[in-house]
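Notes to accompany the following structure.
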Amino acid sequence: MNRIVIFANGNLPDLDKARAILRPDDFILCADGGTRHALGLGLTPNLVIGDMDSIESHEWKHLENTGVPVELFPHDKNETDLELAINKALEVKPMRVIILAALGGRMDHTLANISLLADPRLASVDIRLDDGVEEILFCRDQVQVHGSSGDFVSLIPWGSPVRGVQTENLKWQLTNEILYVEKTRGVSNEMTDKTASVKIGSGLLLVVHTRIS
């Protein structure tokens with residue numbers, strides 16, 4: 001499977017920008033209340049997973065009427081619905097996973113959703129949180145960010161210093177530098193072209209891409 005799109009239950013600030021991310025052949029996987037976003041975009045999920053404590057009755061009825069498969073979990077569980085969805089996605093070894101509506105709302109959920117991307121099992125998967133406005137991913141070796149000149153790109157070391165940071169097509173270029181957890185050196189850089197690249201020597205680097213248009 002080439003691409004899985006997971007809908008979480010956070011905010012979608014711009015439906016048109018979110019819709020622009022989608023492709024006709026995407027496998028649509030909804031994490032519980034994320035079903036509302038998929039249905040709001042006129043999509044029929046391929047699978048819904050979770051404890052179903054956030055789904056509305058009319059949404060549940062729509063799933064039943066359209067025959068959408070549902071994997072039901074108990075409310076008392078160790079994982080969030082999004083973590084369950086990511087685990088399910090990994091079973092089919094996709095080339096890319098995009099998670100929509102994972103940001104906004106409760107701060108604890110936002111931070112937890114970002115932390116999920118640090119899972120070592122995801123090292124070989126291109127997995128990103130993206131709502132059409134903000135895109136969030138981890139750089140373990142090298143990554144590319146596609147956008148527009150003037151877009152903001154912030155580089156934030158995750159958990160420990162990140163060494164050997166090198167960038168291309170960012171306004172303030174970094175050349176074999178070290179970014180420290182307690183410093184803000186990598187925040188609010190700007191793209192100077194449609195594609196920017198980031199490479200690191202060691203560590204785990206959070207990349208936050210904010211589109212300006």
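Values in this text are rule-based calculations from the coordinates and carry no lab data. Everything numeric here is computed off the predicted structure, so don't read it as measured data. Because the Cβ atoms are built from the backbone with ideal geometry, glycine has one as well, and the counts that use them run over all protein chains shown.
Worth a mention:
- Each Cα pair under 8 Å and six or more residues apart adds its separation to the average, and for the range 41-80 the resulting relative contact order is 55 percent.
- Maximal additional length on extending the Thr195-Asn11 stretch stands at 63.6 nm, based on 0.36 nm per residue less the C-alpha distance.
- Simple spin-label estimate for Ala112 and Asp53 gives 0.9 nm between the two label positions (7 Å along the Cα-to-Cβ direction from each Cα).
- The range 133-213 shape via C-alpha gyration tensor axes, a/c threshold 1.5: prolate
- Sites Asp76 and Tyr180 - FRET efficiency at Förster radius 35 Å, r taken between beta-carbons, to 0.05: 0.30
- GNM flexibility winner over the chain from Ser154, Ser57, Ser115 (Cα, springs under 10 Å): Ser57
- Computed with the Debye formula from one identical point scatterer per Cα of the chain, without solvent, the log10 of I(q)/I(0) at q = 0.14 Å⁻¹ comes to -0.84.
- GNM top mover of Asp51, Asp108, Asp16 - the chain, alpha-carbon springs below 10 Å: Asp108
- Mean-position separation - Cα centroids, the range 15-87 and the range 113-162, in angstrom: 23
- Computed helical MRE - 222 nm, the chain, DSSP H runs ≥ 4 contributing -39500 (n - 2.57), nearest 500: -6000 deg cm²/dmol
- Excluding exposed DSSP-loop chymotrypsin sites (Phe, Trp or Tyr not before Pro) (at most 15 other C-beta within 10 Å), longest clean stretch of the chain: 1-171
- Highest-fluctuation residue, His58, His75, His37 considered, GNM on the chain with Cα pairs under 10 Å: His58
- When the chain is described by a simple charge dipole with +1 on each Lys and Arg Cβ and -1 on each Asp and Glu Cβ, the residue from Trp60, Ile86, Val208 located farthest towards its positive end is Val208.
- Each label was represented as a point 7 Å from its Cα along the Cα-to-Cβ direction; for Ser124 and Gln173 these points are 3.4 nm apart.
- Loop GluC sites (Glu not before Pro), the range 122-213 (other Cβ atoms within 10 Å of the site Cβ: 13 or fewer; DSSP): Glu182
- Global geometry of the range 17-98, whether rounded, prolate or oblate, following the gyration tensor of its Cα atoms and the 1.5 cut on a/c: oblate
- Cross-link partners of Lys17 among lysines (Cα-Cα below 24 Å; sequence separation of 8 or more within a chain): Lys194
- Mean Cα-pair separation over length for the range 133-213, i.e. relative contact order, pairs under 8 Å, 6 or more apart, %: 51
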